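What follows is a set of notes on a single structure, which appears directly below.
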Amino acid sequence: MRKLISLILLIVACLLGFSTQASNLTSQQKLQIITTINHAAAEIKTMSCSFEQTKHLSLLNDKMVSKGSMVYKQSDKLRWEYTTPYKYQFIFNGTKVYVGSKSRKNVIDTNTNKVFKEVARIMMNTVTGKALSNSSEFTVDVADNKTSYLITLIPKKKELKQMFSKIILTFSKSNTMISEVNIYEKNGDRTNIKLIGIKKNGTVNESSFTIPK
């Protein structure tokens, strides 16, 4: 269960974007950047891309690289799929979560499972940009450089704090879209995700969100 929730929250981070950096912005400037990102996120009807994920293991001084693709459709449909070096799917169709591999499959009804209902709510708030304005769930800090907006989310809720110390997202200034994510876990591990070839508001196949039987 913990691994599954971690995967979902990893996807949540990817649908936003971050990177830490000292911030000299005023409160008004930070608010303006958050507002800009919120407006851009609200315009996302569909989104698709490929990704490269690198997990850095602190204890082993090693890293694991995996690749895959992501498809999102407003307001509550998402497919996140690993294709290399293993095959692993995550599908959320609004009411059910599917996580499956060649050897194991799980289907969770978010209407009857409070944990996943809460996670699903956070996911959708993130995609629409509401997460950045929800002070009850995250402490938000904002910085920028010449080409990117840099945002750091510090979890407030106990369940999230047990898994993550912070999430750092990077948004491109040119299109206000996420380009990179860094997730820092409590055990010292770090996961970096780079989103590649992002397509916004294109046509997506509805079958992508079908829960396998």
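Every number in this text was worked out from the coordinates using simple rules, so none of it is lab data. Just so we're clear, the structure is a prediction, and the values are computed from it rather than from any experiment. Here the Cβ positions follow ideal geometry from the backbone for every residue, glycine too, while neighbour counts run over all protein chains shown.
Asn113 label point, 7 Å along Cα→Cβ, cut-off 15 Å on backbone N: hits in the range 194-213? Flagged as within label range: 211-212. For Thr95, put the label point 7 Å out on the Cα→Cβ axis and report which residues of the range 185-213 keep their amide N under 20 Å from it. Flagged as within label range: 206-213. Each residue, Ser27 and Thr83, gets one label point 7 Å from its Cα in the Cβ direction; the gap between the two is 4.7 nm. Around the amide H of Lys96, modelled in the peptide plane, lie the amide H atoms of Thr110, all under 5 Å away and 5 or more residues distant in sequence or on another chain.
Spin-label model, Ser103 to Lys161: label points 7 Å out along the Cα-to-beta-carbon direction sit 3.6 nm apart.
A simple spin-label model places pseudo-atoms 7 Å from Cα toward Cβ; at Met64 and Ile196 they are separated by 2.0 nm.
A DSSP coil position with no more than 16 other Cβ atoms inside 10 Å describes the following trypsin sites (Lys or Arg not before Pro) in the range 150-195: Lys156, Lys157, Lys173, Lys186.
The per residue volume of the convex hull around the alpha-carbon atoms of the range 140-193 is 74 Å³. Among the listed pairs Lys156/Lys194; Lys63/Lys166; Lys45/Lys157, those whose Cα-Cα separation exceeds 23 Å are Lys156/Lys194; Lys45/Lys157.
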